[in-house]
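What follows is a single structure, written as structure tokens, with notes after it.
The values are calculated or read from the model by the stated rules, or taken from the named source; none is laboratory data. For clarity, every value in this text was computed on a predicted model and none was experimentally measured. All Cβ positions, even for glycine, are placed from backbone atoms using ideal geometry, and neighbour counts span all protein chains on display. Areas reflect the complete protein model, heavy atoms only, side chains present, ligands, DNA and RNA absent. Shrake-Rupley method; radii C 1.70, N 1.55, O 1.52, S 1.80 Å.
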Amino acid sequence: MRGPVEPEPVNTGGGKVLEFSTFSDAALMEDTMKYLAFAAGAVCASAVWAETPELTIYTYDSFVSDWGPGPAVKAAFEADCACTLNFVAAGDGAALLARLQLEGGRSQADIVLGLDTSLIAAAKDTGLFAPHAVNASFDLPITWADDSFVPYDWGYFAFVHNAGMAAPTSLRALADSDAKIVIQDPRSSTPGLGLLMWVKAAYGDAAPAIWADLADNIVTVTKGWSEAYGLFLEGEADMVLSYTTSPAYHLIAEEDSSKAAAAFDEGHYMQIEVAGKLAASDQPELADAFLSFMVSDAFQSIIPTTNWMYPAVVPAAGLPDGFDSLIAPQKALLLDADAVPALREEALQEWLSALSK
Amino acid sequence: MAERAVEISKRSGIAAAGFVAAVILAALLAVLARAEGAGLGPADWAALRFTVVQAAWSSALSVGCAIFLARALARRRFWGRRAMITLLGAPFILPVIVAVLGLLAVFGRAGWLNDLLGLVGRAPLSVYGLHGVVLAHVFFNLPLATRLFLQGWQAIPAERFRLAAQLDLPAPVVAKVLERPMLRQVAPGALALIFVICLTSFAVALTLGGGPRATTLELAIYQAFRFDFDLSRAALLSVLQITVAGAAAALALWIVPPLAFGTGKQDPGPRWDARGGVMLFQDSAVIALALAFLALPLTAVALPGLAGLMDLPVSVWRAALSSLGVAALSIAVMLGLALPMAGWIATRRTGLAEAVGLLGLAASPLMIGTGWFILINPWVNPMSVALPVTALVNALSALPFALRILIPAFQDALSNFGRLSAALGLGSLAIWRWVIVPRCRGAIGFAAGLTGALSVGDLGVIALFADPGRATLPLLMYRLMGAYQMQAAAGAALVLIILALGVFWICDRWGQANADA
């Protein structure tokens, strides 16, 4: 009714904090290091007296929640950097970008973490980002070659259903079936926009026909992921638009194997989440250090069971148990980042006219 | 000219109204100043059409049903009546997502209603569509409208009903001479208020409307800010929304007739005109139906919440404290604005000033938040003023409710005691102290309670200004849902309902304390 500024999880981020002991150890270590730094500073008196440098990272809401990667990432990075890492949460990916555009060059942010592939072109257009110097071998289904943004995790969009159901095996089959689905509005939600791109990437100019046939499957369209997933859990629909990794959450954190994701023949659209350094940052070295840290094992091993996405660089210890039970799409779909803005507009109009009939 | 018999300082009233208008216009101008080009498209006009249609239906039905419910409640005394009236305020303060899940548990595809229909072999009903949107809006607003009408009934002095009974007037005549004039006065304001609330609906309309057919102006504003980052379209849409709301308010307040019942006891005693089995049955049926309609979805929300209470994280309690702090501050700001404005309006019947009050509700919170973000950002870190800004915006959006509640009470008090006060030569302050506050305690308590409860349940602009360590309860609840913690989220929702009702109950109780004496 009121209050439309709802935070929307950019992905299915969250989960139980498994690193709790690590967190307090690291916090202790951090205190010790700060003390040592302080002592060293006091000894050297006037020599190198500077305040502890602060790195400010804008990110989406679910990243910093108690169940998200935020607390563990902060502890792990601060253990080595002799700095303070501040997360500032600002809604979801789209809200992050809007906020940067509002703030312009005056932004406090050194790094923005949580944009995705469909926002990259718009983000670059702002001219606020600086090139990065990270060199890593990414475990992504595609080759990564962007000079401004570094990926930190990724996932596939998928329709999640109850395990007993004989789920359709393609978008086409779903459109022809009478399965009931809940989706998110592409105008207000990241997964909603993902589905728009998914249909476009798989069917191109035939996308309107798919939407026309999907119209009678759609129970309703929600503002964000939480509403849609809630509706699905309440039994309002047979399937909900989410991620292939959603069943991993239920399996690992809740030991509940009753949810599954449907594998579709056309392939699954990808979401790659990225971070970038701001040109106006007053801590450029620290920002570079964080981006390198982001693709290291310390950061990447936190991601799977807190953000419930695939790590961009699989850590040495591999993926957690339970991730091997997830469906592995045969084909990864992703539209070229530069083509997204124009296609997005076209796809939105097609979507609106198909579902407004 | 009983209303003019006494002068209370209009300066503070004008200052408060000016402040409200300035806060909102400054935000709008700030957004416009950053805007470049672009106008409105056909989709925006379609959104306008749908918005107005659903808001008109919603307000008409809410007010229509509320008249019957309030009449039944005004005529009957039964055990649990007070508790029912307080509890019925709950839908109004629920976070959208919780209310929608509660409604769908009852009316949805897999809801209780369809289970029941299945048992008797009927085809299931679909809740999604315009009727679903209206259903949800009636669920939200029926209790508010009912309270406004109840207040109207209470304003009819008990002596009038006693006189009617002595004259042995039949019920239809009592309705004609006492009740209908009161309804004619209360209804337009209630209609306008609910119309404006429904005008700014977004997530409810989209979810229960079943898809993009149910696109409202507020969704279009959201899209302009977030999806397109098109500030000029956002500002234009905000202006459109404010214009429609302003037109509705002006129209409604224009046709409110003046009314004075004269002095008397405020709480009507036994109602002789409502004796008889048929009327008792009628009233009982209305109360039972309303109770079922409002309480079933609330039960559907509360039940999973009880289970969730077990695994609530500590952060919920921290957030609950933040929410209470914001609520207290919002109440203070609201009173600071609403009391002088209501005093000003009550002495001169200027509908325009009340229309200014509606601005706070009609302007999209996203627009106000963004505008002030632009204004504040060059000077201070927006996060450091998150609390006051949130409290201010919450107070602004509660202001219209507060005015609608306070103004009739103020008018009543001044028309009854205005001449006496003038004869005694009471100054402005003395009138506040000896006439308005004691006579209008009930209305002030109700307005404060509503503001506090709304503020506890509101996401408002906090999301734009919030820092991660200081989330309010609704924000935390969304974070819990976003982290798959549906059960803990249900628990947090229950805490939220209890807190909001608690704040409401305390303020309302303070207001009623006088009535018992």
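Within the accessible surface of the protein assembly as shown, defined with a 1.4 Å probe on protein heavy atoms only, the carbon and sulfur portion equals 64 percent. Among B:L206, B:G189, B:G102, flag the residue with its Cα farthest along the positive direction of the charge dipole of the protein assembly as shown, charges on Cβ as +1 for Lys/Arg and -1 for Asp/Glu. Projecting each Cα onto the dipole axis, the largest value belongs to B:G189. The orientation-averaged projection of the convex hull spanning the C-alpha atoms of the protein assembly as shown amounts to 39.0 square nanometres.
Legend: residues B:V314, A:V112, sorted from most to least accessible area (1.4 Å probe; ligands, DNA and RNA excluded), read B:V314, A:V112. Look at where the Cα atoms of the range A:88-125 and of the range B:276-298 average out, and the two centres are 52 Å apart. Note on A:246-258: average number of Cβ atoms from other chains within 10 Å of each residue's Cβ is 1. Provide the percentage of antiparallel DSSP beta bridges, counting only those with both residues in the protein assembly as shown; round to the nearest 5. Around 60 percent antiparallel, to the nearest 5.
Entry note, chain B: the mean residue ellipticity at 222 nm calculated from DSSP H runs of n ≥ 4, each adding -39500 (n - 2.57), is -24500 deg cm²/dmol after division by the residues and rounding to the nearest 500. In the range A:53-123, the inverse of the mean reciprocal separation of distinct Cα atoms equals 12.7 Å; this is its Kirkwood hydrodynamic radius.
Separation of the range B:140-209 from the range B:383-423 is 20 Å, based on Cα centroids. With a ≥ b ≥ c the root eigenvalues of the C-alpha gyration tensor of the range A:244-338, is it rounded (a/c under 1.5), prolate (a/b larger than b/c) or oblate? Verdict is oblate for the range A:244-338. For the range B:478-491, putting each phi into the Karplus relation 6.51 cos²θ - 1.76 cosθ + 1.60 with θ = phi - 60° gives couplings of 5, 4, 4, 5, x, 9, 6, 7, 5, 5, 4, 4, 4, x Hz, in residue order, rounded to whole numbers and with x for Gly and Pro.
Residue-wise HN-Hα couplings along the range A:72-82, as the Karplus relation 6.51 cos²θ - 1.76 cosθ + 1.60 with θ = phi - 60° gives them from phi, are 5, 5, 4, 4, 5, 6, 5, 4, 10, 9, 6 Hz; Gly and Pro carry x. Heavy atoms of chains A and B lose about 6000 Å² of accessible surface on contact, summed over both sides with a 1.4 Å probe. Listed values for the range B:106-113 are Karplus-derived 3J(HN,Hα) couplings in whole Hz (6.51 cos²θ - 1.76 cosθ + 1.60, θ = phi - 60°), namely 9, 9, x, 4, 9, x, 4, 4, and x replaces Gly and Pro.
Going highest first, how would you order A:281-293, A:152-164 by mean Cβ packing within 10 Å?
Order by mean packing, descending: A:152-164, A:281-293.
Overall, the anisotropy analysis places chain B in the oblate class: the square-rooted eigenvalues a ≥ b ≥ c of its C-alpha gyration tensor yield a/c not less than 1.5, with a/b not exceeding b/c. Decide, for the range B:126-264, between rounded, prolate and oblate: order the square roots of the alpha carbon gyration tensor eigenvalues as a ≥ b ≥ c, take rounded if a/c falls under 1.5, and otherwise choose prolate if a/b is larger than b/c, else oblate. In terms of gyration-tensor shape, prolate. Ranked by solvent-accessible area (1.4 Å probe, protein heavy atoms only, all chains present), the residues B:L303, A:L119 order from largest to smallest as B:L303, A:L119.
All C-alpha to C-alpha distances of the range B:39-302, sorted into 5 Å bins beginning at zero, yield P(r) values of 1, 6, 11, 14, 15, 14, 12, 10, 7, 5, 3, 1, 0, 0 percent in whole numbers. Scaling against 2.2 N^0.38 Å puts the C-alpha radius of gyration of the range B:1-141 at 1.56. Note on exposure: A:K259, A:K223, B:K176 ranked by accessible area (1.4 Å probe, complete protein assembly) read B:K176, A:K259, A:K223, with the most exposed listed first. For A:D153, the amide hydrogen comes within under 5 Å of the amide hydrogens of A:E273, A:A312, counting only partners 5 or more places away or on other chains and with H modelled in the peptide plane. Amide H to amide H, with H built 1.01 Å from N, A:S242 comes under 5 Å of A:A158, A:F159, A:V160, counting only residues 5 or more places away or on other chains.
Protein heavy-atom accessible surface, 1.4 Å probe, per residue over chain B: 38 Å². The base-10 log of I(q)/I(0) for chain A, evaluated at q = 0.09, 0.14 Å⁻¹, reads -0.50, -1.16 [Debye formula, identical scatterers on Cα atoms, solvent excluded]. For the range B:275-414, the calculated P(r), taken from all Cα-Cα distances in 10 Å bins from zero up to the bin holding the longest distance, is 10, 22, 25, 27, 13, 2, 1 percent. For the peptide A:227-240, the mean number of other protein chain Cβ atoms found within 10 angstrom of a residue's Cβ is 5.
Given the pairs A:K74/A:K331; A:K259/A:K331; A:K200/A:K357; A:K200/A:K331; A:K277/A:K331; A:K180/A:K223, which span a C-alpha to C-alpha distance of over 24 angstrom in this model? Beyond 24 Å: A:K74/A:K331; A:K277/A:K331.
Per-residue mean of foreign Cβ neighbours for A:94-100 is 4 (Cβ atoms of other chains, 10 Å radius).
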